[in-house]
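What follows is calculated from the coordinates using simple rules that are stated; it is not laboratory data. If you're wondering where the values come from, they're calculated on a predicted model, not measured in any experiment. Positions of Cβ are generated from backbone atoms using ideal geometry, with glycine treated the same way; all protein chains shown enter the neighbour counts.
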Amino acid sequence: MKEIIGRGTECEGLYYVDEVVQKGHAMLAHGTVTRQLWLWHKRLGHPSFGYLKILFPSLFISNTEPIKCETCIRAKNHRVTFSLNNNRVNSAFSLVHSDVWGPAPNFHNNQFQYFVLFVDDFSSMIWVYFLKQKSEVPDKFYAFYQMIHTQFGKKIQVLRSNNGGEFVNKSMQEFFRENGLIHQTSCPNTPQQNGVVERKNRKLLEMTRAMIFDAQVPTRFWRYLGLSSEQVTLQNP
């Protein structure tokens with residue numbers, strides 16, 4: 001009918017919706033209960049429907065049919081799981097888990113190819129810093145350490161990571177010694193010993209892959225899907 005249903009801005013081949021007219025808004029945000037349920041499932045990065053049932057119980061009152069998401073199957077398929085460990089510290093920032101992911105595939109120089117996670121064992125809060133090179137990890141950790149000290153009046157006591165060179169180096173060891181930190185490293189080929197941050201890492205990648213598959217956008221947009229700045233703080237559900 002050649003009616004305008006919305007306006008958007010093109011950026012690097014991806015269209016961002018700036019305005020949706022009333023009729024289009026009704027088509028996107030309303031409709032059947034099943035349509036609303038799927039809309040929230042996609043917006044929140046494809047969480048489990050059990051979790052959605054807690055958030056939106058009204059959407060499940062009249063919806064008794066089993067729901068299957070092919071995108072979730074593709075994005076969350078794994079070979080093995082780590083054994084559970086319910087031991088937690090008794091105060092915030094007594095123990096911080098850290099890990100680096102990357103490089104992201106099909107990326108060029110001067111682009112963010114890695115990210116480093118810092119997870120507080122007590123609260124399960126997650127801090128994400130994007131990196132162009134792994135060599136930036138010490139600077140990001142120093143900034144994170146100072147931010148925790150200034151904003152929360154706390155000092156990190158133990159940092160747990162793998163044996164990667166970004167954590168095991170002269171600069172980091174000197175910083176640990178000067179500030180009284182204990183650096184715990186996992187045994188070679190035993191990621192289970194750093195399982196807390198490995199699981200958080202996997203969760204972020206699942207959400208990103210699900211959004212990329214569902215939106216059908218190039219993988220170079222991975223940093224913009226739910227993680228839209230150089231530093232991101234996430235609360236564990």
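Arranged from highest to lowest average of other beta-carbon atoms within 10 Å per residue, in what order do the peptides 123-135, 33-45, 3-15 appear?
With the highest mean Cβ count within 10 Å placed first, the list reads 123-135, 33-45, 3-15.
How high is the FRET efficiency between GLN157 and GLU10 when r is their beta carbon distance and R₀ equals 41 Å, given to the nearest 0.05?
Efficiency, rounded to the nearest 0.05: 0.25.
Under 20 Å from the Cα of LYS170, which aspartates and glutamates turn up, not counting those fewer than eight places away in the same chain?
Excluding near neighbours in sequence, the set is ASP99, GLU136, ASP139, GLU178.
May I ask you to derive the FRET efficiency for SER94 and SER48 from their Cβ-Cβ distance with R0 = 25 Å, giving the value to the nearest 0.05?
0.25
List the lysines whose Cα lies under 20 Å from the Cα of LYS200, skipping any in the same chain that are fewer than 8 positions away.
Partners found: LYS42, LYS76, LYS134, LYS140.
Given labels modelled 7 Å from the Cα in the Cβ direction, how far is it in nm from MET147 to GLN216?
That separation, rounded to one decimal, is 3.6 nm.
With a/c under 1.5 counting as rounded, go ahead and sort the stretch 111-155 into rounded, prolate or oblate using the C-alpha gyration tensor (a ≥ b ≥ c being the square roots of the eigenvalues; past the cut-off, prolate if a/b is larger than b/c, else oblate).
oblate
Among 157-169, 202-214, how do they line up from the highest to the lowest mean number of other beta-carbon atoms within 10 Å?
202-214, 157-169
How high is the FRET efficiency from THR190 to GLU70, r the C-beta distance, R0 41 Å, rounded to 0.05?
E between THR190 and GLU70, to the nearest 0.05, is 0.75.
Taking H placed 1.01 Å from N in the peptide plane, check which residues at least 5 places from PHE115 or on another chain put their amide H under 5 Å from its amide H.
Amide H neighbours of PHE115, under 5 Å, 5+ apart: TRP101, LEU131.
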